[in-house]
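Participant: Have a look at this one.
Quick note: the coordinates plus some simple rules give every number you see, no bench work behind them. None of these values were measured; they are calculated from a predicted model. Please note: Cβ atoms are built from the backbone with ideal geometry, for glycine as well, and neighbour counts cover all protein chains shown.
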Amino acid sequence: MESLIHKLCLLTFLIVFDATSSVAEQGGVPRMLWTDRNGKEITSAETERPKQKEEGVLYSITSHIRIWMEQLEGVACAVMSKGKGTILESALLQMIEEFYLSSMPDLVYRSECIIPVFLALVCITASVLYVLHQRRDASVPTMEQSTVDVTLDVDTAHPNLLIDGKTVRWIKETPQRLCNEKTFDEDPYVLGIMGRAWRAYWKVNVEKKDDWVLGVTKKTVNRKGQLVLSPANGFWVIRLSNGGRLKAMDDKEHVLDKDIPDEVAIYLDYKENKVTFFNAEDASLIYSFTNGPSYEDEVRPLFSPWNNDTNPITILSIVITKV
């Protein structure tokens, strides 16, 4: 029995990924699949929930199994992405002895074997984090190359929205225009106008606002009556309510545990079918819709300062950084 106890190990696999990359699932949860030497799934694995790194875009997932030493050969862990199959597979596993050691010679021998492997894994993990950090730092300048000039389409604006150049605010007392077939007649929205491209990037100032809606919508979306914001209805938007509830209006509404931004960057990528929102001040990820529109949907920017105050929201000019 003692010899078996010495051979029980804990195998751990760590993946660090960029939430805006293809590794990320909707909701940011790739699947970790452990297999034995025969390719059979090991169902006893335990996988932790994704942990967000300090930088906001980077996430880590840890998965581990307990296995006897004689069964170790051929064990691997694959990272599975829905619709894309296996996207990362590795047999590079961190082996941590369980606390079932009964003799000092064994402990010394195992320390001599495990410590170099552990240090090597630390170095590899640090290298991966550095590369991903570099990718994160480069992501915003890269997206800025897709900057488009967005203007506000007065013909679509709710009658109580005052449009002044690239600024829109709610005016309660006096309607600014009559309703027509293009206007939003109940909820206070206005569409943006931009050129067509496979990718588009723009920023909006929402400072001093307690309520707003930002994102994109299909050009053909219904504009009459109270609207239900969801991708199924042709909307990919985030919303701030009552100054403290930041929500992604996905097919299932998500309350986001994020700092409230003063500036929001929006990145539309038709090729990846994604709509991604960032805090424009620190480039941290707010939310990414991975069920985004296709090029044929021909979406348009959507804005709302809502109707609780007269503070404006403004489309910002962007100074493009060369990459």
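Participant: Where does the charge balance sit around SER304 when Lys and Arg score +1, Asp and Glu -1, over other residues with C-beta under 9 Å from its C-beta?
Facilitator: Values: positive: ARG239; negative: ASP187, ASP211.
In short, -1.
Participant: Which is farthest toward the positive dipole end of the range 145-315 among THR183, PHE278, HIS254, measuring Cα position about the Cα centre, with Cβ charges +1 (Lys, Arg) and -1 (Asp, Glu)?
Facilitator: Final value for the positive-end residue is THR183.
Participant: Which chymotrypsin sites (Phe, Trp or Tyr not before Pro) does the range 136-234 hold that lie in a coil by DSSP with at most 14 other beta carbons within 10 Å? Write down the numbers at each step before the final one.
Facilitator: Working: sites: TRP170, PHE184, TYR189, TRP198, TYR201, TRP202, TRP212; in loops: PHE184, TYR189, TRP198.
Loop-located and lightly packed - TRP198.
Participant: Let me ask you something else. With a sphere of radius 13 Å drawn around the Cβ of ARG239, what net charge do the other residues whose Cβ falls strictly inside it have (Lys, Arg +1; Asp, Glu -1)?
Facilitator: Working: positive: LYS209, ARG245, LYS247, LYS258; negative: ASP187, ASP210, ASP211, ASP250, GLU253.
That sum, taken over residues with Cβ under 13 Å, equals -1.
Participant: Distance cut-off 32 Å, Cα to Cα: go down the list LYS224/LYS274; LYS203/LYS224; LYS208/LYS271 and report the pairs above it. The partial results should precede the final answer.
Facilitator: Details: LYS224/LYS274 26 Å; LYS203/LYS224 27 Å; LYS208/LYS271 34 Å.
Too far apart for the 32 Å limit: LYS208/LYS271.
Participant: In Å³ and rounded to a whole number, note down the convex hull volume per residue for the Cα atoms of the range 219-323. Write out the running numbers ahead of the final one.
Facilitator: On the way: hull volume 14.0 nm³, N = 105.
Here the figure is 134 Å³ per residue.
Participant: Please give the length that would be gained between THR35 and THR174 if that part of the chain were fully extended, namely 0.36 nm times their separation in residues minus their C-alpha to C-alpha distance (nm, one decimal).
Facilitator: Numbers: separation 139, 0.36 × 139 = 50.04 nm, distance 6.70 nm.
Difference between extended and current length: 43.3 nm.
Participant: Take each of the peptides 145-153, 273-281, 295-303, average the number of other beta-carbon atoms within 10 Å over its residues, and list them starting from the highest.
Facilitator: 273-281, 295-303, 145-153
Participant: To continue, here is another question. Could you list which residues have their amide H under 5 Å from that of MET32, counting only those 5 or more apart in sequence or on another chain, with H placed in the peptide plane?
Facilitator: MET80
Participant: Something else: Over all alpha-carbon pairs of the range 153-219, lay out the pair-distance distribution in 5 Å bins, whole %, shortest bin first.
Facilitator: Spelled out per bin, shortest first, that is 3, 14, 26, 25, 18, 10, 3, 1, 0.
Participant: Now for a separate question. Amide H to amide H, which residues 5 or more places from CYS179 or on other chains are under 5 Å from it, using H placed in the peptide plane?
Facilitator: So CYS179 has HN proximity to no qualifying residue.
Participant: If you build the Cα gyration tensor of the range 145-315 and take the root of 5 times each eigenvalue, what three semi-axes come out, in whole angstrom, biggest first? Let's see the in-between values first.
Facilitator: Values: eigenvalues 99, 69, 47 Å².
So the equivalent ellipsoid measures 22, 19, 15 Å along its semi-axes.
Participant: While we're looking at this one, here's another question. Once the other residues with Cβ under 12 Å from the Cβ of GLY225 are scored (Lys, Arg +1; Asp, Glu -1), what is the net sum? Display every interim value, and only then the final one.
Facilitator: Details: positive: ARG223, LYS224; negative: ASP185, GLU186, ASP187.
It works out to a net charge of -1.
Participant: Amide H to amide H under 5 Å from LEU316: which residues, 5+ apart in sequence or cross-chain, H placed 1.01 Å off N in plane?
Facilitator: Amide H neighbours of LEU316, under 5 Å, 5+ apart: LYS203, VAL204, ASN205.
Participant: Also: How big is the Kirkwood radius of the range 185-248, worked out from every pair of different alpha carbons and given in Å to one decimal?
Facilitator: So the Kirkwood estimate lands at 13.3 Å.
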